[in-house]
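Derivation of every value follows stated rules applied to the coordinates shown; laboratory data play no part. Nothing here was measured: the structure is a model prediction, and the numbers come from that model.
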Amino acid sequence: MVAFSVLSAMHDADVLGFSFGIPYDAPYGHRGASHSIVAGLMLGLLAGWLGKLAGCSWGRTTAIACAVAVSHGLLDAFTDGGRGIALLWPFSNERFFSPWQPFPVSPLGMGIFSLWGLRVLVVELVFFSPLLAFALWPSARQRGPRPSRTPRP
Ligand SMILES: [Zn+2]
């Protein structure tokens, strides 16, 4: 879960480009190439390969990693700020938004530690709480064997 969480957040490392003068709207700017479907698939394949080196199933790890990595750009398109997502890079630099934008855009950098950042976290926590509950719910294997219904002698 920690590795997949890191994977899902890696796309936003593109904000470092601001320090090097890369404009927001540039192909390699924030929410540009790094947020595309192609970049997500490449990251997913890389994560699958790393998972295989760590002894995990290549197919299963790659499938989950691709879903996690591609979902970042898609979910960012559901936010109400920024300048859109270059989902189709390298085929197009056009930036896209979803017609429905239920999520407030997150502040960049240390701005997350603000009232605005807290609002973003609360909205996302409420929206994704069913998935969080599913992820944290103990599986049957973790709960241990079911008690036997047959009387013991
Ligand atoms: Zn992002």
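General remarks:
- Pairwise inverse Cα distances across segment 43-103, averaged and inverted, put the Kirkwood hydrodynamic radius at 12.8 Å.
- Rounded Å value of the spacing that divides the Cα centres of segment 13-45 and segment 69-86: 12 Å
- Residues considered: 13, 67, 135. Largest GNM mean-square fluctuation over the chain, using C-alpha springs under 10 Å, is found at 135.
- Segment 1-66: relative contact order as a whole-number percent, Cα under 8 Å and 6+ apart: 24 percent
- Quarter of the Cα convex hull surface for segment 14-117, i.e. its orientation-mean projected area (nm²): 7.9 nm²
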